[in-house]
Amino acid sequence: MFNSKTMFIAGHAKLPQGMAAKNVFDSLSITAEVDIKYGVILQASCTLATEHGRDIVGNLLKGFSLKDEITEATECIQNYYKGKASKSLVATLKDLEQHYCQLG
């Protein structure tokens, strides 16, 4: 059901060579349901190859605000995700932030 207080946005970045997801996707995407007013990520998903990886990234990002906590969200990814897609996840998160900021 549509909720006029939230919106669905997506961020994208290129994947590094050697990633399992690279065989399926050329880029990494993070999609998120975001509170429009405060930018808080209510739910997030990404195109990592494994369901476990997608769940972890979604849980890491939940609760961060794209409006004023992007640095903290980026640090969370860097601290708790140790894999080839780390830099791509950070770039994708920054792209997600840009899309949110364009709303204002």
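The values are calculated or read from the model by the stated rules, or taken from the named source; none is laboratory data. What you see is a predicted model, and the numbers here were worked out from it, not measured in a lab. Every residue, glycine as well, gets a Cβ built from its backbone with ideal geometry; the counts of neighbours run over all protein chains shown.
Can you report the number of residues in the stretch 31-70 which are among the hydrophobic types (A, V, I, L, M, F, W, C), in contact with a Phe, Trp or Tyr (Cβ under 8 Å, 6 or more places away or on another chain) and under 18 Å from H99 (Cα atoms)? Talk me through it step by step, then tell me what you get.
Of all residues in the stretch 31-70, those among the hydrophobic types (A, V, I, L, M, F, W, C) come to 32, 34, 36, 40-42, 44, 46, 48-49, 56-57, 60-61, 64, 66, 70.
Filter again for in contact with a Phe, Trp or Tyr (Cβ under 8 Å, 6 or more places away or on another chain), leaving 32, 34, 40-41, 56-57, 60, 66, 70.
From the residues that got through so far, the ones that are under 18 Å from H99 (Cα atoms) too are 32, 34, 40-41, 66, 70.
Number satisfying all stated conditions: 6.
Considering the stretch 42-60 alone, what residues qualify as being part of a helix (DSSP H, G or I), more than 10 Å from the chain's Cα centre (by Cα), within 15 Å of L93 (Cα to Cα) and touching a residue at least 24 places away in the same chain (Cβ under 8 Å)?
Within the stretch 42-60, I56 is the sole residue that qualifies.
Taking the conditions exactly as written (touching a Gly at 6+ places or on another chain (Cβ under 9 Å) and free of Cβ contacts under 8 Å to residues at least 60 places away in the same chain), does K67 satisfy them or not?
Criteria met by K67.
If a residue has to be charged (D, E, K, R) and in contact with a helix residue (DSSP H, G or I) (Cβ under 9 Å, 6 or more places away or on another chain) to count, how many in the stretch 64-83 make the cut?
We begin by selecting, within the stretch 64-83, every residue charged (D, E, K, R); these are 67-69, 72, 75, 82.
From what is left, the residues that are in contact with a helix residue (DSSP H, G or I) (Cβ under 9 Å, 6 or more places away or on another chain) are 67.
Residues in the stretch 64-83 being charged (D, E, K, R) and in contact with a helix residue (DSSP H, G or I) (Cβ under 9 Å, 6 or more places away or on another chain): 1 in total.
Looking at E33, is it part of a strand (DSSP E or B), acidic (D, E) and either in contact with a His (Cβ under 6 Å, 6 or more places away or on another chain) or modelled with pLDDT of 95 or more (or both)?
Values: part of a strand (DSSP E or B): yes; acidic (D, E): yes; either in contact with a His (Cβ under 6 Å, 6 or more places away or on another chain) or modelled with pLDDT of 95 or more (or both): yes.
When the stated conditions are applied, E33 passes them.
Give me the residue from the stretch 84-95 that is in contact with a helix residue (DSSP H, G or I) (Cβ under 9 Å, 6 or more places away or on another chain) and either modelled with pLDDT of 95 or more or within 18 Å of Q43 (Cα to Cα) (or both) and, out of that set, surrounded by the fewest Cβ atoms within 10 Å (Cβ to Cβ).
Only one residue tops the list, namely K94.
Take N79 and decide whether it is part of a helix (DSSP H, G or I), modelled with pLDDT of 95 or more, more than 23 Å from K14 (Cβ to Cβ) and of a type outside the set (A, V, I, L, M).
Taking the combined requirement at face value, the residue does not satisfy it.
Condition check: crowded, with 16+ Cβ neighbours inside 10 Å, among the β-branched types (V, I, T), closer than 15 Å to S29 by Cα and touching a Gly at 6+ places or on another chain (Cβ under 7 Å). Does T47 satisfy that?
Taking the combined requirement at face value, the residue does not satisfy it.
Could you look through the stretch 11-30, keep only residues that are touching a helix residue (DSSP H, G or I) at 6+ places or on another chain (Cβ under 7 Å) and outside any loop (DSSP other than H, G, I, E, B), and pick out the one that is modelled with the lowest pLDDT?
K14
Are any of the residues in the stretch 55-66 at pLDDT below 95 and charged (D, E, K, R)?
For the stretch 55-66, residues at pLDDT below 95 and charged (D, E, K, R): absent.
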